[in-house]
Amino acid sequence: MLRTVLRFRWFASRVVSRAVVRVPHYFPLISRLRACLAGLFELPSLFPRAFTRPRHARTVIGAAGAALTLGVALGACTPTFDWRTVMNNDNGYTVDFPAKPGNDQRAVQIDGTPMQMAMQSAEAGNAVFAVGTVMLPDDSDATQRAALDFLRAGLARNVGATPDAHAVQIPLAAGGKTPGLEMTVSGVAGAKHETRTVYARLVVRGRHVYQAAIIADQPLPQDQIDQFFSSFQLY
């Protein structure tokens with residue numbers, strides 16, 4: 001019995017020592033994952049003064065680090081799309097995200113008036129998928145137009161592009177559609193002057209103005225773009 005116990009302790013000590021020695025070898029992979037995620041969030045003003053790294057990104061990095069320590073080697077961002085429907089009752093929309101979204105809120109100024117933009121965003125496939133919502137002070141035509149112009153110009157300006165947009169119909173959850181704007185712009189942005197492509201839909205309904213957008217470092221498959229935008233519906 002004593003011999004068995006001693007042999008077990010010897011075996012356990014060998015396993016622990018090997019694990020301790022091998023952990024540092026995964027640090028470069030963790031660093032690459034951090035850099036990969038950070039690269040997606042280098043444009044703090046793609047959503048003017050509102051687009052920042054989602055709070056859940058730290059959780060993603062922590063979970064990935066734990067997986068790597070256990071021996072799951074990830075050499076680059078994994079283009080996994082795990083679509084799920086998210087209903088945002090507070091801001092009146094439903095949309096499919098390719099991963100669990102995080103939430104954030106930032107102050108913006110539209111036509112000189114301070115407002116708050118609520119954000120939901122998730123990352124997958126080297127891209128960020130996000131919906132921003134601003135509650136307007138009123139639902140007058142002038143206020144609605146100013147909000148749409150502000151968002152459209154901000155998206156284009158941050159990649160050095162012309163804010164061209166065309167009309168599109170945004171589906172309503174209860175049936176029917178409401179008019180909105182659609183735009184796709186590409187250009188260089190950030191301190192490293194890296195190429196970014198922005199796909200966006202803008203729409204106003206009552207006192208809410210919405211910005212559904214995808215920010216990617218390379219063109220995405222059309223089916224992923226369609227999945228996101230076709231699922232974006234207003235209440």
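Throughout, read-outs are computed from the coordinates displayed, never taken from laboratory work. Note that this is a predicted model, so its numbers are computed, not measured. Cβ atoms come from the backbone with ideal geometry, glycine included; neighbour counts cover every protein chain shown.
Data overview
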{"item": "Gain upon complete extension [Asn89, Tyr235; 0.36 nm per residue less C-alpha separation]", "result": "51.7 nm"}
{"item": "Spin-label model distance (nm) - Asp138 vs Thr184, 7 Å beyond Cα toward Cβ", "result": "3.9"}
{"item": "Highest average packing first - 225-232, 139-146, Cβ atoms within 10 Å", "result": "225-232, 139-146"}
{"item": "4 °C / 1.567 mPa s Stokes-Einstein diffusion coefficient of region 119-221, Kirkwood radius on C-alpha pairs, µm²/s", "result": "90"}
{"item": "Förster radius 22 Å - calculated FRET efficiency between Gln222 and Thr195, Cβ distance, rounded to 0.05", "result": "0.75"}
{"item": "Convex hull volume per residue for region 129-184, taking Cα atoms only, in Å³", "result": "116"}
{"item": "Computed over region 130-235: relative contact order in percent, which uses C-alpha pairs under 8 Å that are six or more apart", "result": "29"}
